[in-house]
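Working notes, beginning with the structure itself.
The values are calculated or read from the model by the stated rules, or taken from the named source; none is laboratory data. Keep in mind that this is a model prediction, so the values were computed, not measured. Methodologically, a virtual Cβ is constructed for each residue, glycine included, from the backbone with ideal geometry; neighbour enumeration extends over all protein chains shown. Surface accessibility is based on the protein's heavy atoms, side chains included, excluding ligands, DNA and RNA. Shrake-Rupley method; radii C 1.70, N 1.55, O 1.52, S 1.80 Å.
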Amino acid sequence: MGSNMAEAHPVGFQWVVEARERGAKVIHVDPRFTRTSALADLHVPIRAGSDIAFLGGIVNYILENGREFREYVQAYTNARTIISDDFRDTEDLDGIFSGLDREGRKYERESWQYKGMDVGASAGEREYGEAEGEQAHGAHGGELEQGEPPREDETLQDPRCVFQLLKKHYARYTPEMVERICGVPRAQFLDVAEALCANSGRERTSAFCYAVGWTQHTVGVQYIRTAAIVQLLLGNIGRPGGGIMALRGHASIQGSTDIPTLFNILPGYLPMPHAHEETGLDVYVERNAPPTGFWGNTRAYMVSLLKAWWGTAAQYENDFCFDYLPRIDKDHSHYRTVADMEDNKLRGYFVMGENPAVGSANSKLQRLALAKLQWLVVRDLDEIETASFWHDAPEIETGELVTEDIATEVFLMPAASHTEKDGSFTNTQRLLQWHHKAVEPEGDCRSELWFMYHLGRRIRERLASSERERDRPILDLTWDYPTVGPTEEPDAEAVLAEIGGFDAECEPLADYLPLRDDGSTTCGCWIYAGCYADGVNQTARRKPGREQSWVAPEWAWAWPMNRRILYNRASADPEGRPWSERKKYVWWDAAAGEWTGEDVPDFTPDKAPDYVPPEDATAQQALRGDEPFIMQGDGRAWLFAPSGVVDGPLPTHYEPAESPFENPLYGQRANPVREEYRRRDNPLNPTGREAGSDAYPFVVTTYRLTEHHTAGGMSRTLPFLAELQPEFFCEVSPELARERGLEHGGWATIVSARTAIEARVMVTERMKPLRVDGRVVHQVGLPYHWGNRGISTGDSANDLFPFALDPNVHIQEVKAATCDVRPGRRPRGPELPEFVRNYREQAG
Amino acid sequence: MSERKGFFTDTSVCIGCKACEVACKEWNQVPADPQGLTGNSYDNSGELGANRWRHVAFIEQKVSVGVEEAPPESFAREAARQSLVSDGLDPHEDADGFRWLMSSDVCKHCTEAGCLDACPTGALFRTEFGTVVVQPDICNGCGYCVVSCPFGVIDQREGDGRVWKCTMCYDRLKDDMEPACAQACPTDSIQFGDLDELRERAARRVERLHERGREEARLYGDSEDDGVGGFGAFFLLLDEPETYRLPPDPVVPTRRTPEVWAAALGAAAVLAGGVAASFLRGRR
Amino acid sequence: MNPKGGEASMVPRERPTTYYGRPIVKRPVWKPEIPLYFFFGGLAGASANLATAATFAGRPRLARRAWAGAFVGVTVSPVLLIRDLGRPKRFLYMLRVIKITSPMSLGAWILAANGGATTLAAGLNLLAPRRRAGLPEIGAALVGAPLATYTAALITNSAIPAWSEARLEMPFVFASSAAASAAGAALLTVPGEETEPARALGIAAVVVEEAASRIMLKRLGPLASAYEEDEAGKADKVARALSAAGAVALVAGGKRGSDGSRGARRARGRRAAKHPAAPGGDPARRAITAAGGALLLAGAVCKRWAVFKAGFASAADPDQTIDLQRDRMAAERRPGA
């Protein structure tokens, strides 16, 4: 669900095909019949933006029919935990949770806590002001004494226990309701639910694969949370064949969150310190490190990171240079930054490996904002739209931008491609795979590593004589990577070794367990510790699968500690025995007194299943021997999330920010804390029952094609790829084509409040109209690869979409919005904005 | 001579990614040949030719909603049945019987190759791997192979004048590497290997599909009894060959060559005789 | 299942659909030079035969004109062929190998042999008009006949249904068309008293060509549409009209005239020979005959064009390929069923 795996991840999809050949059933739930559906046993067409209702329906099916994996749920999840009496569910408040601050568009989360916990010291305090939710990656659990929630009911009968709350919360998500919201006939829905249940339990496991079809929503994080609940109820986490596969959008997007390009986390998901409040390392650790679970070692991870960055300058006396770290004071995410840019609050901008003028929502606003910059650095393989906006953006044609008036100085730096540089990719499975340079980059093309290293080197040279305090963080950096060749390319392996970490004797670390908070160890990313164990590039290992066990531990290297399945302690029962012979993976070897199995156990190796922590235990030692979810303060998987998620402890179906429907479940239509930029340059379509919503009656969704890569910078310029998908097109059903007079192969204009774009029409049976909430709704599919440059050109689908974001992670909702479609090409020049304005005015 | 090499293209696992098309062009430096948006599903490259040695076909098919026809093991069967009895609002009824076939076509490297038999210059030859390859330094572009291929594979390249087609990556085979398309194929829809072994594998595969109720699976080109003496590159199809732009019963023109020559010589004799006879009247 | 098995598909259908109507076999890449070559090759081959026969029959004027026709044919032919090549400079590669399976290969050798023999024979006949037929003449005639018909083999030995399925009749169409061309060319220039064999040949050739064509189309069944529709159809109609008109002209031009036999010629003596403009003493009939010859030539060109374009039409229509093979499969299965 939420993924077109065969098209967007064809190489990974080979394993789905392989599994199917071995008897696995593949079910594809997706608005469109795609190349993934073609290989699936069953395709279930669903209305874009309604997946939580579908998954919630499965939760309800499981609970109503007693299909949960009872022992697993009882032992390994927080199902038995009693929740605060102050908590009010959406059931009680017509679609919102307790603690909503409607003015501030945020939740106060005190009432969501475990009952009996010291609310004042809860996890909620770790997240602040506007930056809240930034810590979604870094939300590491409530503050628990010894890892045990204070109040529990092992029978799961207490009406305030998580299990009963869950049951109540999802009771509305009946098959009939699923049919009404998703447009999936109840019979078909029941088929899927039953298939999933039947294929889960002791003997069998099922997996979910998702991609940006789930994340790019105003409730995206909650989509995934719902899947997590389903998988936990069915016992499909930490076990072979189970799990939730996050299919990432590029080769190393996983890597770019592990070693983040995000503003709010540091390597290894350490939260970025916050200005004003986290004045020193002690305060930071106190606020961010729960005493129990592996996050209890946060100080050691942080100090090792600081030592890796500032070397000898980082000493106990100066907090290991903790104050050198930049601080965040608010949301600095992509869309906030672009909005600030448009409002003249930003002077310079680096764009590397991204093409926001095509790839980001409301890309028109992106382009307009770029023109407000003083300078812009773009590093890419070609002059992408983001670099060329000043002379050929579509807004030049419409007159909204005038080249002569744009003062932005654009620095276009030619980049080396992945075949022209060494480095690692971290994939969905957390597998770091090294790639070796095949050819030298041509001309002035250089790797990102080269660029950042030499940029830093030159800045340091310029500042070398500086006495100013503010320059110390730059001057004290360990900026000493060895370089090779005439271009002085930094040695990528040296960077990897720094990330992998060293002990006090400067020997490479084998894993993260030896990390210390006394400054004796260095490690650039604690979860990557050991990737350079024994001085060997572990990520470059390529032992063929047939020459090793089926888990293939000697193919590349997986974080953490080369574990291939996380939380794999859950593959054994509380006593440490495999749940079944068929699904055995990691188990307790009582004779040897250690955990053993196919994989590296994701557990303290010698902690017996019956281990009970002593009173004074901290970190992982505070968790019992039968608690597999060792990153959580309570060692259990969270069906109910008291912290870490800003828009509700339980996932709830909300309509997309733009949808033609009201929410059939509650009075609350859309996510009450979604981020919407209500500004003149980001108008939103009227929705649901609002006046004028019928001007934009169709659901529109974006997607990718195998033939192109994301915003097209790497593929539209290549003749072999461009010829395979030469033009931007829209996919519509024959019914919609009839209704709107669209001709196969002709042109259509697609309109939203932001703009109108044109696309060639692909009429196909693969698009099905759905019956939702008593009426037929049509969906329009738009691949988003196109822009005005390259061999294959076309309008950009993302021009149509608004800045409407998930509040946890600030990801745009481009997988579901509303639009109108009409036959023929769009108006050109100044008539285009005029046309769109008229549409808006007619809508009211 | 080495073991005869071949391709087995199993279209039942093709995901239509076109990696084979691109890998082939990259390796063999086959020029781009843009056709524009064809509107033929996701196929914008048309068919095999001088500038396309692998081609992926896309066929969108509405198949009967009848429950009997659905593969017995699939959920679609039950879903289809339930849909039919549900309240009639259901717009999915015919979607349940929808399928999207994809198939990567390639030169068949026939045992009896029409192109090879037709070539008057010897530019086309049979390699030590049993494949059929054009030598570009010999071909003079007479075009006879073009009309001699029952599959419409080989073609003349505009602006170049010579004919081009799949070589099964002859250069790679010589270096003990598999062809670029087979290596690029993520799902092993394209399998490369010893032809005999591939045929056995294919027979097992189709048997297995039949066991799983996919009666529509059939092999195409695996038999030496066919009109070209068996394909060096054969297929597992899920529909009739012509659906994929493949001839249902290809016969190499050379099978008819004796008849052709007999008729030509007969006609030549008649011509000579007729000319002679036209003088007879004068003698009378 | 092999392609012949024809098991029932999952969804029974009358006939499987084509792939977006795309052709299965490739259309020829040949340019108009090729049908022109078919014409000139036919002209050359048949003329060589006519010339040789005339030489034997003691009709030197006819022989000389026919040798001229043959010479023009074999001179123009390689030029046309080379112009059609994708790589014209490599025309000699045609003689790198000899392949019985390839009518083009054997044809190249036939053309080369015929070219040599005809050039030699034509030259000798020019130098010695009263020369008796020798090895060059016999050689030119022997390879001349296959030169006129191998081009039919060339196209019928292909994967194009409307050509391939006409393999038994097409050589006769080509042979008669070539004979008509040779006769037509001769009649353009030959004085009346020696025309009669050519006239007879021309008339007979048109009749035979029409008959062979009709048989061919009948036997082609549905494939005949390739010859009957569109450009090929139009060219074929024109070809038949021209040929028929040519034949009528020949008949008209030959009536009441002398029979042109050796005896008659002797009887008329040398006077007539000195005034070729008045064959049989009738310039009008001479003109009609010449016009008939021209019509025959034009008809032969159109006929080759029609056949040529029919191949394109047949290749472009996937149903021709499919129907032919499906019908064959059905026929082959029936006895066993």
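Selection of helices (runs of 4 or more DSSP H) fully inside the range A:29-99 by the criterion of at least 1 residues being within 14 Å of chain B (Cβ to nearest Cβ) returns A:35-39. When the criteria are applied in full, C:Ala162 meets the requirement of being within 30 Å of C:Gly311 (Cβ to Cβ) and away from every other protein chain (no Cβ under 11 Å). Taking the criterion of being more than 16 Å from the chain's Cα centre (by Cα) and assigned to a loop (DSSP other than H, G, I, E, B), no residue of the range B:245-270 qualifies.
The residue that is most open to solvent (accessible area, probe 1.4 Å), counting only those in the range A:667-704 that are farther than 20 Å from A:Arg336 by Cβ and in contact with a helix residue (DSSP H, G or I) (Cβ under 6 Å, 6 or more places away or on another chain), is A:Arg704. Screening the range A:153-208 for helices (runs of 4 or more DSSP H) wholly inside it with 3 or more residues that are at pLDDT below 95 and either touching a strand residue (DSSP E or B) at 6+ places or on another chain (Cβ under 8 Å) or over 15 Å from A:Gln231 (Cα atoms) (or both) returns the ranges A:186-198.
Candidates in the range A:1-16 are the residues that are touching a strand residue (DSSP E or B) at 6+ places or on another chain (Cβ under 7 Å) and within 11 Å of chain B (Cβ to nearest Cβ); of these, the one that is surrounded by the most Cβ atoms within 10 Å (Cβ to Cβ) is A:Met5. How many residues, within the range A:284-333, are aliphatic (A, V, I, L, M), at pLDDT 95 or above and outside any loop (DSSP other than H, G, I, E, B)? Number of matching residues: 7. Annotation note: Cβ proximity below 7 Å between a residue of the range A:715-731 that is touching a residue at least 60 places away in the same chain (Cβ under 8 Å) and a residue that is open to solvent by less than 10 Å² (accessible area, probe 1.4 Å) and in a helix (DSSP H, G or I) (sequence gap 6+ or interchain) occurs for A:Arg716/A:Ala722.
For the range A:17-28, a residue qualifies if it is of a type in the set (A, V, I, L, M) and more than 9 Å from every other protein chain (Cβ to nearest Cβ), and the qualifying residues are A:Ala19, A:Ala24, A:Val26.
Across the range B:162-172, the qualifying residues are those that are within 14 Å of chain C (Cβ to nearest Cβ) and open to solvent by less than 10 Å² (accessible area, probe 1.4 Å), and the one among them that is farthest from the chain's Cα centre (by Cα) is B:Val163.
If the condition is being farther than 30 Å from B:Thr243 by Cα and open to solvent by less than 10 Å² (accessible area, probe 1.4 Å), then the range B:102-138 contributes B:Pro120, B:Thr121, B:Ala123, B:Thr127. Among the residues making up the range A:566-576, those that are farther than 21 Å from A:Ser252 by Cβ and out of contact with any strand residue (DSSP E or B) (no Cβ under 6 Å at 6 or more places or on another chain) are A:Tyr567, A:Arg569, A:Ala570, A:Asp573, A:Pro574, A:Glu575.
Cβ-Cβ contacts under 7 Å between residues 6 or more apart (or on different chains), taken from a first residue in the range A:330-342 that is within 13 Å of A:Ser360 (Cβ to Cβ) and without any contact (Cβ under 8 Å) to a residue 60 or more places away in the chain to a second residue that is open to solvent by less than 20 Å² (accessible area, probe 1.4 Å) and not in a helix (DSSP H, G or I), are listed as A:Met341/A:Leu373. Can we say A:Thr604 is among the hydroxyl-bearing types (Ser, Thr, Tyr) and in a strand (DSSP E or B)? Criteria not met by A:Thr604.
Just one of (1) over 19 Å from B:Gln156 (Cα atoms); (2) facing chain B (nearest Cβ under 9 Å); (3) at pLDDT 95 or above fails for C:Arg15. It is (3). The residues on offer are A:Pro473, A:Pro486, and the sole one that is in a helix (DSSP H, G or I) and surrounded by fewer than 18 Cβ atoms within 10 Å (Cβ to Cβ) is A:Pro473. Tally up the residues in the range A:492-507 that are part of a loop (DSSP other than H, G, I, E, B) and open to solvent by 50 Å² or more (accessible area, probe 1.4 Å), please. Qualifying residue count, the range A:492-507: 4. Considering the range B:1-12, the residues that are open to solvent by 10 Å² or more (accessible area, probe 1.4 Å) and at pLDDT 95 or above include one that is farthest from A:Val761 (Cα to Cα), namely B:Arg4.
Checking each residue in the range B:32-54 for being surrounded by fewer than 21 Cβ atoms within 10 Å (Cβ to Cβ) and either closer than 18 Å to A:Gly12 by Cα or facing chain A (nearest Cβ under 8 Å) (or both) picks out B:Ala32, B:Asp33, B:Pro34, B:Gln35, B:Gly36, B:Leu37, B:Gly39, B:Ser41.
Return the residue satisfying two criteria in turn: it lies in the range A:679-723 and is aliphatic (A, V, I, L, M) and either in a strand (DSSP E or B) or in contact with a Leu (Cβ under 9 Å, 6 or more places away or on another chain) (or both), and of such residues it is farthest from the other protein chains (Cβ to nearest Cβ). The extreme case among them is A:Val700.
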